[in-house]
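Novice: The structure follows.
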Amino acid sequence: MEIDYEKIGLKVGLEIHQQLNTPAKLFCKCKPELFKEEPEITFLRRLRPTQSELGQIDPAAYFEFQKGVKILYEANRATSCLVEMDEEPPHQLNMDAIETVLTAALMMKAKPVDEIHVMRKTVIDGSNTTGFQRTCVIALNGEIKVGEKTVPIQHTSLEEDAARKTGEDETNVIRYRIDRLGIPLIEIATAPVINSPKEAQEVALAIGRILRATGKVMRGLGTIRQDLNISIPNGALVEIKGVQELELISLAVEYEARRQLNLIKISEELKKSGVEPEDIKEEFFDVTDVFKQTKCKVIRKALDKNQKVSAVKLSKFQGYLKRELLPNFRLGTEMADRARFWGRVGGIFHTDEMPAYGVTVEEVEALRSAVKAQEGTAVVFVADSAENVKEALKAVVERAREAIGGVPEETRAANPDGTTRYMRPRPGAARMYPETDIPPTIITENFVKKVSLNLPEPSEQKLGRLTKEYKLNEKLAKQIIDSEYGDVFETIVKESEVSPTTVAAFLTETLKALKRDGVQVENVSENQLKEIFKSVGSGDVTKEALPEIVSWLSKHENKSLQNAISSLGLEMLSKEELEKIIDNVIDANRDAVGNLGKNAFGMIMGMVMKEVRGKANAQLVSRLIKKALERQK
Ligand SMILES: [Zn+2]
């Protein structure tokens, strides 16, 4: 069913974060790089209930703290120092990073602040060793044009990236790697004036073009993260964190609108049935006995560990837990998410999906009668330790009560398929407080002037130039601008003798296709790309061999083009070797060649190229075949 987004009053705001490609991190001189090897240093910290100076404690943080969650941080010396470990105060702000953010801000006609004040933003999950993230506003009140619409840019800021999670085990230890911590991020926040999924995607694309135009942003998966604030009247403001692919934005917005519309409908129906939030009680039943003989593997496993099965009744909820909010995503899915988050259980069972998973009709009957469930009541049950079960069912009760009210305000995390999962309750307003370790940085008029005189070419102008200067067709020129290779394209064309269209098509369509096939093309550096094309230009590598070489290099970091060529057997054949192959092919097809006469060329060319593709220049092959056929007469 199509949604009329105007009619439902959809409002979306975007927050775009992208890593900046600076020589050092934001508050120290460490390299802004991720490492893959085993960590040289690890240290364990207890997660503390981070508290702002105003005395508020985040409930989710406090909950984790109570459970005794510990964080194991992993580090190496090249990518982190005492600053990331929170053993030393941060150094001065990185001026390269400020300049890049200012450049983007001025391209969006924003007004720079006079003084940069670093602020602390409470972070609850251990992804920052300090318990907060440092952030500072660089400019305010910009705007961009997207089609006919002017989209206000509320602020353009500079932030430190967080540590990245590398694992979590059952003993309440979460692992984070601090190589990413402190990498500078630009943050661009639009006003919530976007009214459709398509428009959200277009705005993100326009901002992405500005970021790439600075020539100072990182590329590859994980370097850009988009947060979406989505609301509809009667629904709620929901924040979706971490959409990594631009192409997913419109789908994520559409799904969230659908999710909210379906939750509103469920709430209306529940209200009509007369059920009130107070009717859903935190009354938990021990139903372990019901499942004594069960064939359900999950429950069996729990019982073997001496754990419990507990159940809760959700009055009037029968049928609603299986109600789809999105394809294959139900109200029951949301309850399970909450149970997993707060109770650390693997999942929940509920009567809407029974019998299933080895639970029999008889067991369901026994369960319903053990908890005295009336007609219309749904029963949710969980098998785990007594403590986890209790927290999980409490979370289910809370989610059920919210379902009667409508859509809960919450922060959700983006899944790779465009759906989202519960992340945490929405934090309250006052999460920011001043960073006292860093004095304000003045943005002088001279600095602003210098940056504004050197602003990069706007993308519309670049589009015109690319079509004129390099004779690219408009589609290809647009693709180059929207790709991560806009700058390197021009350098490659200037340095190699390869036609601009070939270079552009490779950097856009071919690389995209390779990415789709799972090749991590971002592992191949710009310098390597330049070198490869130089070799194509000089005839040492054929352009047919490009995809093979790039995928080999992506899997063998720190190896050279020469390594790729010899390892793939792509050394070019000598003229003598080619002549021999051609003679052999002609010999083997002597009869056909005789019959076809002059027309044999196409056939022989096809056969020879099949054998030498990637190892010989097609023009040379064609010349040699013609000569050889001449000799046959
Ligand atoms: Zn450092």
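Novice: Taking the criterion of being within 30 Å of V69 (Cα to Cα) and out of contact with any strand residue (DSSP E or B) (no Cβ under 6 Å at 6 or more places or on another chain), would at least one residue in region 358-380 satisfy it?
Specialist: no
Novice: Restricting to region 496-511, what's the tally of residues that are free of Cβ contacts under 8 Å to residues at least 12 places away in the same chain and within 21 Å of the chain's Cα centre (by Cα)?
Specialist: The total comes to 0.
Novice: I'm trying to understand the selection: among the residues of region 211-229, which are over 22 Å from P23 (Cβ atoms) and out of contact with any Gly (no Cβ under 8 Å at 6 or more places or on another chain)?
Specialist: Within region 211-229, L221 is the sole residue that qualifies.
Novice: Looking at region 512-522, can you tell me whether even one residue there is surrounded by 13 or more Cβ atoms within 10 Å (Cβ to Cβ), over 30 Å from E460 (Cβ atoms) and not basic (K, R)?
Specialist: For region 512-522, residues surrounded by 13 or more Cβ atoms within 10 Å (Cβ to Cβ), over 30 Å from E460 (Cβ atoms) and not basic (K, R): present.
Novice: Moving to a separate point now. Listed residues T129, T171, T166; which is within 16 Å of the ligand (Cβ to nearest atom), at pLDDT below 95 and in contact with a strand residue (DSSP E or B) (Cβ under 9 Å, 6 or more places away or on another chain)?
Specialist: T129
Novice: Against the condition surrounded by fewer than 17 Cβ atoms within 10 Å (Cβ to Cβ) and at pLDDT 85 or above, how does N584 come out, does it pass?
Specialist: Numbers: surrounded by fewer than 17 Cβ atoms within 10 Å (Cβ to Cβ): yes; at pLDDT 85 or above: yes.
Answer is yes for this residue.
Novice: Any residue at all in region 553-576 that is touching a residue at least 40 places away in the same chain (Cβ under 8 Å) and farther than 28 Å from K530 by Cα?
Specialist: Taking every residue of region 553-576 in turn, none turns out to be touching a residue at least 40 places away in the same chain (Cβ under 8 Å) and farther than 28 Å from K530 by Cα.
Novice: Only residues in region 20-38 that are farther than 11 Å from A78 by Cβ and of a type in the set (S, T, Y) count as the first member; pair them with residues that are within 13 Å of the ligand (Cβ to nearest atom) and not in a loop (DSSP other than H, G, I, E, B), Cβ under 6 angstrom, at least 6 apart or cross-chain, and list the lot.
Specialist: From region 20-38, the pairs are T22/P184.
The values are calculated or read from the model by the stated rules, or taken from the named source; none is laboratory data. Predicted, not measured: the structure shown is a model, and the values here were computed from it. Counting neighbours? That spans all protein chains shown, and the Cβs are built from the backbone with ideal geometry, glycine included.
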